[in-house]
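Report on one structure; see the data block that follows.
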Amino acid sequence: MEISSLSNTYYNLKDYNRQSCSCGSCYKCNPLMKSREGNGNSLEKKDHLSESDKKMVEKLKAREKEVVTHEQAHVAAGASSPSYTYTMGPDNRRYITGGHAQIDVGEESTPEKTISKMRTVIRAALAPSKPSSTDRNVAAKAQRLLEKAQQELNKEKSEKKENTQEDLKISEKSIDGLSGHNRSQSMDSFYKGNFFDRVG
């Protein structure tokens with residue numbers, strides 16, 4: 001989810017950059033981290049930056065930490081791996097300044113599955129400490145779909161209950177009819193049988 005405000009949230013850069021590595025699994029092949037760690041040939045020369053440039057670098061670092069923390073909160077709650085956008089700083093290094101974690105809000109094949117999925121979507125969308133307007137919109141849409149699925153599920157349960165009750169009524173009538181028929185046969189046998197032959 002995209003976010004727009006700066007904060008003083010801190011995050012371990014080595015850990016989160018494993019997520020945005022080009023191979024998706026390792027830390028060393030991430031070009032961003034290669035430029036960060038560098039060596040004696042690093043492009044960063046802080047001593048040569050003006051005061052305004054130094055302040056800009058600090059803002060970019062703070063922004064990066066906030067973006068990553070925000071997106072990782074989505075991921076931890078069920079969103080897909082985030083994609084990031086970068087800005088080149090005055091120290092010739094790229095900083096993460098935007099991000100987006102995809103959250104699927106499509107309905108599932110059954111109301112039960114949709115309800116379960118939308119609960120996960122809502123948790124993922126509202127996971128960051130400061131959800132963006134996009135986050136809140138996604139959560140609101142998921143809530144509507146959850147309520148719709150719940151209504152469908154309740155309707156299905158109600159119809160199933162009615163059908164079960166109707167089946168029971170039919171079964172009871174069948175049993176009553178069968179019992180009455182058997183009683184009639186028993187009485188016929190009684191009057192036509194050996195009972196009267198023996199006493200007559």
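The values are calculated or read from the model by the stated rules, or taken from the named source; none is laboratory data. Predicted, not measured: the structure shown is a model, and the values here were computed from it. Glycine also receives a Cβ, built like all others from the backbone with ideal geometry; neighbour counts cover every protein chain displayed.
Which is closer than 28 Å to residue 139 by Cβ, of a type outside the set (S, T, N, Q), surrounded by fewer than 18 Cβ atoms within 10 Å (Cβ to Cβ) and at pLDDT below 95, of 44, 107?
Details: 44 fails: closer than 28 Å to residue 139 by Cβ.
Selected residue: 107, the only one of 44, 107 that is closer than 28 Å to residue 139 by Cβ, of a type outside the set (S, T, N, Q), surrounded by fewer than 18 Cβ atoms within 10 Å (Cβ to Cβ) and at pLDDT below 95.
For residues in the stretch 148-159 being of a type in the set (D, E, K, R) and surrounded by 12 or more Cβ atoms within 10 Å (Cβ to Cβ), which is nearest to the chain's Cα centre (by Cα)?
In the first step, residues of the stretch 148-159 are kept if they are of a type in the set (D, E, K, R); the result is 148, 152, 155-157, 159.
Applying the additional criterion that residues be surrounded by 12 or more Cβ atoms within 10 Å (Cβ to Cβ) yields 148, 152, 156.
On the way: 148: 16, 152: 20, 156: 24 Å.
My answer is 148.
One line per residue, one yes/no per condition, for (1) in contact (Cβ under 8 Å) with a residue 12 or more places away in the chain; (2) within 30 Å of residue 138 (Cα to Cα); (3) touching a strand residue (DSSP E or B) at 6+ places or on another chain (Cβ under 9 Å):
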| site | (1), (2), (3) |
| --- | --- |
| 68 | yes, yes, yes |
| 77 | yes, yes, no |
| 88 | no, no, yes |
| 93 | yes, no, no |
